[in-house]
Amino acid sequence: LSATPEISKEDGRPKWDNKFQYILSCIGFAVGLGNVWRFPYLCQIHGGGAFLIPYFIALLFEGIPLLHLELALGQYLRKGSIGAWNTISPYLGGVGVGSWVVSVLVSLYYNTVLTWVMWYFINSFQEPLPWSVCPLNENRTGFNEECYESTAVNYFWYRKTLNITPDIAESGKLQWWLILCLATCWAIVYLCTIRGIETTGKAIYVTAIFPYLVLTIFLIQGLTLPGATDGLIYLFTPNLNTLKNPRVWLDAATQIFFSLSLAFGGLIAFASYNPTKNDCEKDAVTVAIVNSMTSLYASIPVFSVLGFKATTAYWDCLDRNIINIINEFDLPEESIMRQNYTSWISFLNSSYPEKIAGLKLKSCDLQEFLDQSVSGTGLAFIVFTQAIILMPSSQAWAILFFIMLFSLGLSSMFGNIEGVLTPLLELQIIPKSAPKELLSGIICLVSFLIALSFTLGSGSYWIDIFDRYAGSVPLLVIAFFEVIGVAYIYKIKRFSKDVEWMTGRKLNLYWQIAWRFISPLLLLIVFVAFVTLQLQKPPSYTAWNPKYEGFPMKEEKVYPPWVQAICVLLAALPCVCVPLVALFHLVKQKRRSKDPSLVPPEVFSCQGANS
Amino acid sequence: YAWDANEEYLFKAMVAFAMRRYSSKSTTQISNVLLCNVTDRVSFWFVVTDSSKNVTTVPGSEVEAAIRMNRNRINNAFLLSDQTLQFLKITSTLSPPVEPSTPVWLIVFGVVLCLIVAGIVFLIVSGIQKHKKKNKESTERENLEEKVEVTLENGIPCEALDLKAGHINGVFAADDERFTSL
C-alpha cells in the first residue's frame with residue numbers, strides 16, 4: 001500500500017519550480033473572495049472583535065489540523081485526490097471521487113462570479129461610471145422608473161448586468177454580454193492552467209501577490225476618508241454577549257473551514273507535486289495563519305470604506321431634511337448646518353410641531369446606516385461600487401478594486417481546476433501520447449458550455465443555490481471521512497511515521513489528539529448544527545421584482561419543489577459517492593472471493609528454473 | 001453673492017428676455033414682471049403681465065414654456081444650476097448621457113480578449129515545438145539502441161522468444177548480455 005517513495009523521484013511527475021511557488025499557490029487557493037466579503041460581514045454581525053475568539057479557536061482545532069492532514073497526505077502519496085484515497089484504501093476511494101465532484105461543481109459557478117467581476121472591470125473605464133447615473137426614460141423627462149425607485153447602483157447590477165428575472169422558474173434569455181465575459185474568463189483560466197502547475201506556478205506570482213498590494217493601497221486611501229474611523233470602531237468594538245449565541249460558533253467554524261478551501265482535493269493535488277522530504281507541518285501552519293491574517297487585514301479597508309459610505313449617507317439624509325425645513329420655514333440659506341441640526345430640530349419641534357410632523361422628515365441615525373450589513377456579491381457590486389463613486393478619481397479605484405477581486409478569485413480557481421485536472425491525468429482519461437494541453441482545454445470548454453446556463457436571467461439565483469448547497473454540506477461530510485479515514489483506517493501510528501519520515505522530526509502530540517478526537521468531533525457537531533439550521537425553515541430566496549409592492553425591497557419567495565429537489569441532489573451527489581464506491585468495492589471483493597478461478601494468471605519468475 | 005434689488009432687476013430682465021424670445025414679440029418690458037412675497041430664503045412668486053391687453057397676466061403655461069426654453073441662459077446669468085435655481089412646477093429636460101458610437105466596454109473587452117488569445121496560441125505552439133523536439137530526440141535514441149540491441153542478440157529479435165509456449169525464466173531473461181549463440 002505504501003510504496004517506498006525513493007522510486008517515485010524519477011516518475012516524471014511535474015514539480016514546483018521552488019518552494020515559494022508551492023506556498024504561494026496554497027495561499028492563493030485559500031485566500032479568495034470570501035476573505036474580503038464574508039469575514040468582515042461575520043465580524044460585524046457577531047459582535048466585532050469578540051468574533052475573533054471563536055474564529056481562532058476554530059482555526060486551532062479544526063483548520064490547521066485538517067490542512068496539515070491534506071498536505072501531508074498529498075505529499076506522501078504523490079497522487080491527486082482520487083488516486084490518494086484509492087491508495088489509502090479502495091473502500092475510501094469514494095472520498096476522492098466526492099472531492100472531485102465538488103471541485104467540478106464549484107469551478108462551474110465560481111468562474112461565473114469572476115465573469116461578473118470582469119464585466120464591472122471592463123465597464124470601469126468610462127467617465128462617468130455607468131453605475132453612478134440612472135438612464136433616462138423614453139420621453140426624457142425623468143429617470144428610468146426602476147432605477148429611480150431603487151438606486152443607480154442597484155439598477156446597474158440587477159438590470160444591466162444580470163438582467164434578472166423576478167422568479168427562479170422564469171429562465172429569461174441568455175445575456176450575450178455575460179456570455180462574452182464568461183468566454184473570456186474561461187480563456188484566462190485555460191491560459192493559466194494549460195500545462196498544469198507549470199503555468200499556474202508562473203501565474204500565481206501575480207495573482208497571489210497583487211491583491212495584497214491593492215489592499216494596502218485601499219487601506220491607505222480608506223483611512224483618509226471621512227467617517228472611516230466610525231466604521232472601524234464599529235467593526236472592532238467587541239461585544240462579548242454575542243458569544244453566548246451558538247450561531248456565532250457555528251459561523252466561525254464554517255468560515256474557517258470554507259475559507260481554507262479544505263476537502264476540495266486541490267490542496268492534495270498541490271502537495272503531491274512536492275518533493276517528499278518537505279516540512280508539511282510548517283507549510284500548513286504558515287498557510288493557515290497567512291489566510292487568517294489576510295482576512296483581518298482585508299476587513300480594515302472594507303470597513304473604512306463602509307464607514308465612509310455610512311457617513312456620506314447620513315450626511316445626505318441630514319441635508320435632505322435641512323433643505324425641506326428651510327423651504328418650509330423660508331429660512332435663509334445656510335442657517336441650519338449639520339452641526340446645529342439637532343438643536344434646530346428640537347427648537348422647531350417645540351414651537352411648530354404640526355409643521356414638522358407635516359414634513360415627514362426621515363430620522364437620520366448614523367448607527368442605522370452602519371448597521372446595514374451586506375456580504376457576498378451585494379458588498380462588492382452594490383455597496384462598494386456606491387462608495388467608489390463618492391471617492392475622487394473613481395475610475396482608478398474601480399479598476400483597482402475589480403482587478404483585485406479578479407486575482408483573488410482566479411488564484412482560487414487554479415486550485416479548483418488543479419483538483420479536477422490532477423485526478424483525471426492520473427486516471428489517464430486521454431492516452432498518454434496526447435498533450436496535457438488537450439485535457440485542460442477539454443475541461444475548460446465543457447465547463448464553459450455548462451456554465452452558459454448561469455448567464456440566463458435567473459442565473460444568479462442558481463449560483464446562490466450552488467453556493468449554498470454544493471459548496472457547503474458535502475465539504476463537511478468529505479472532510480469528516482478524510483479525518484476518520486486517516487485516523488482509524490490508515491491508522492494514526494502509520495501516518496505519524498510517514499509524516500516523521502517527511503518532516504524529519506517526531507510528530508507533536510497535539511496533531512495526534514486533534515486528528516483522532518477533536519477534529520472529527522468538531523466536524524460532526526458543525527455538520528449536525530448546520531443541517532439542523534438549514535432544515536428549520538423551508539429554503540427561500542429573495543427575488544428582485546420591480547412589480548412587487550415593497551419594491552425596492554427584495555421579495556421573499558420559496559423555492560418550487562423541483563428546485564428543492566435539485567438542491568438536495570447537489571448536496572447529496574458528492575456525499576453519496578463515499579458509500580457508493582465502498583459498496584462497489586465490497587461487491588467486487590465478495591465476487592472475487594467466491595470464484596477463485598477468476599484470478600488472472602500471473603507471470604511467475606523463477607518457476608521451472610532448470611528446464 | 002447677496003440677493004438685493006439689483007439681482008431682482010436682473011431676474012426681471014431675464015424673465016422678460018425669455019418671454020420675448022418665446023413669443024417673439026418685443027412688447028414685454030421689465031416692468032411687466034412683478035415679484036411678490038420675497039423671503040430671506042430667497043424665494044418669491046412672480047407674474048408676467050401683458051401690457052397690450054389690459055393688466056391681465058400671461059397664462060402660467062406660456063411662462064413655463066418660455067422659461068423652459070431659456071433655462072440655460074437664466075441659470076448662467078445667476079451662475080446657478082438646475083439644482084440651485086428651482087422653478088416650482090417646471091421640470092427640467094434632462095440631457096441624455098453622452099454615448100460614444102461603440103460602447104467603451106466593448107473596446108476594453110476586445111483588447112483583453114486579444115491578449116489572452118495571443119497568450120494561448122503562443123503557449124500551445126511552444127508546447128507543440130517542445131513535443132516535436134522531444135520526439136525527435138527520443139527517436140534518435142531509439143535508433144541507436146536498436147542497432148546495439150540487434151548486434152547483441154546476434155540477429156535474433158526479442159519478440160520471437162515471447163511467442164514460444166512455456167514460462168519465461170526470469171533468471172535468464174534478466175541477463176541479455178549472457179546470451180550465447182545457439
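The values are calculated or read from the model by the stated rules, or taken from the named source; none is laboratory data. Since we're looking at a predicted model, the values are computed, not measured. Neighbour counts are summed over all protein chains in view; Cβ atoms, including those assigned to glycine, are modelled from backbone coordinates with ideal geometry. To get the accessible areas, we keep the full protein, side chains included, count just its heavy atoms, and leave off ligands, DNA and RNA. Shrake-Rupley method; radii C 1.70, N 1.55, O 1.52, S 1.80 Å.
Key figures for this structure:
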item	result
Expected 222 nm ellipticity per residue - DSSP helices of 4 or more, -39500 (n - 2.57), all of chain A, to 500	-20500 deg cm²/dmol
Furthest towards positive pole of dipole, A:A298, A:S99, A:S132, structure part the stretch A:21-536, Cβ charges	A:S99
Simple label model, 7 Å out from Cα along Cβ direction - B:K134 to A:L427, nm	2.3
Average silhouette area of the stretch A:453-522, convex hull of alpha-carbon atoms, in square nanometres	6.7
Nearest-20 debye value, the protein assembly as shown charge dipole, Cβ charges on Lys, Arg, Asp, Glu	900
Highest to lowest packing among A:255-268, A:549-562, A:276-289, scored as the average C-beta count within 10 Å	A:255-268, A:276-289, A:549-562
Separation between Cα centres of the stretch A:263-336 and the stretch A:385-403, rounded to whole Å	14
Across A:K362/B:K12; A:K202/B:K130; A:K15/A:K506; A:K493/A:K594, pairs whose alpha-carbon gap is larger than 30 Å	A:K362/B:K12; A:K493/A:K594
Cα centroid of the stretch A:15-69 to Cα centroid of the stretch A:211-256, whole Å	15
FRET efficiency for A:L452 and A:M553, using Cβ-Cβ distance with R0 set to 25 Å, rounded to 0.05	0.20
Loop-resident sites, the stretch A:110-193, for trypsin sites (Lys or Arg not before Pro), counting at most 11 other Cβ within 10 Å (DSSP)	A:R140, A:K173
Gained length - A:L569 relative to A:L223, 0.36 nm times residue gap less alpha-carbon distance	120.0 nm
Cβ-Cβ FRET estimate between A:R494 and A:T151, R0 fixed at 56 Å, reported to 0.05	0.40
Cβ-based charge dipole, chain A, positive-most Cα from A:I326, A:L243, A:G307	A:L243
For the stretch B:105-145, residues shielded by at least 50 square angstrom of accessible area compared with the chain on its own, probe 1.4 Å	B:W105, B:V108, B:F109, B:I116, B:I120, B:L123
Theoretical FRET efficiency, 1/(1+(r/R0)^6), r = Cβ-Cβ of B:D82 and B:C36, R0 30 Å, to 0.05	0.80
Alpha carbon centroid spacing (whole Å) that separates the stretch A:140-176 from the stretch A:458-514	42
Cα gyration tensor shape of the stretch B:99-138, rounded if a/c is under 1.5, else prolate or oblate by comparing a/b with b/c	prolate
Solvent-accessible area buried by B and A, counting both chains, probe 1.4 angstrom, square angstrom	2900
Pairwise label distance in nanometres, A:F517 with A:Q395, each label 7 Å out on the Cα-Cβ vector	6.3
Virtual spin-label span in nm between A:T342 and A:E368, 7 Å along Cα→Cβ	1.5
Taking the convex hull of Cα positions in the protein assembly as shown, its mean projected area over all directions (nm²)	47.0
Residues of the protein assembly as shown: accessible area per residue with a 1.4 Å probe, Å²	50
